[in-house]
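The next block holds one structure in the form of structure tokens; read it before the comments.
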Amino acid sequence: MEKMILRKGEKEKVIFDDAGKVQKMILKKGKTERILYPLYYGGHMMRWAKSCAVKNPKGIVWIAGTEGRDPETDEVVEGMEAQMRMCLQKLKANLEEAGSGLEYIVHMTWEIMGKEFPDGIEQYPPFQVAEKVFNDFFLEHTGAAPIPVAALPEYKTFKATGQELPLVIDLMGVSGLAKKGMVVELGCTAVIP
């Protein structure tokens, strides 16, 4: 079974198996195709994709770790919410400067600062703040939530309507970042369509 979705000039095809589970998502803009393969554990689709293949891109962009430091003053902005927003603003600007955009990210690396993560990083309150800022930012700038966020009730409708954009994400808890006071750093790989 297949389902087609159109979003900002991009065609999206979702391929399901006989049981109704998503097998892959094909996103096409022009000649460039991104094929995302979901990850399942215990029969449930995870909030990130396990892999992404890209066919026919004009180029590839690697963005080094962006952080919540003010580029004018080199001062670290206060708190996870402000740092995450600044990271995303810088990431967006860097991608656009290179001829890409948020909607063309195929892989991300998140580094979240913390002393301990006894219940895992997904249960770490600062990560949950960062994830909400991340989703809000993507909704504002691309019209789609980057990952289905079942834990946040206001995003449940996106999973039901197919308005999510799964990404391949490496999520790491770290004990230190480049400058004192930093709590998050993001890096990514994106295609130039």
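Scanning segment 73-86 for residues that are surrounded by fewer than 17 Cβ atoms within 10 Å (Cβ to Cβ) and touching a Gly at 6+ places or on another chain (Cβ under 9 Å) yields E75, E78, G79, A82. State all residues of segment 54-72 that are buried (at least 19 other Cβ atoms within 10 Å of the Cβ) and under 18 Å from M113 (Cα atoms); if no residue qualifies, say none. Residues satisfying the conditions are T66, E67, G68, R69.
Within segment 39-67, being more than 17 Å from the chain's Cα centre (by Cα) and farther than 19 Å from K29 by Cβ holds for Y40, Y41, G42, G43, H44.
Among the strands (runs of 3 or more DSSP E) confined to segment 100-193, the ones with at least 3 residues that are among the β-branched types (V, I, T) and modelled with pLDDT of 85 or more are located at 105-113, 184-192.
The values are calculated or read from the model by the stated rules, or taken from the named source; none is laboratory data. Remember, it's a predicted structure, so these values are computed and weren't measured experimentally. Methodologically, a virtual Cβ is constructed for each residue, glycine included, from the backbone with ideal geometry; neighbour enumeration extends over all protein chains shown.
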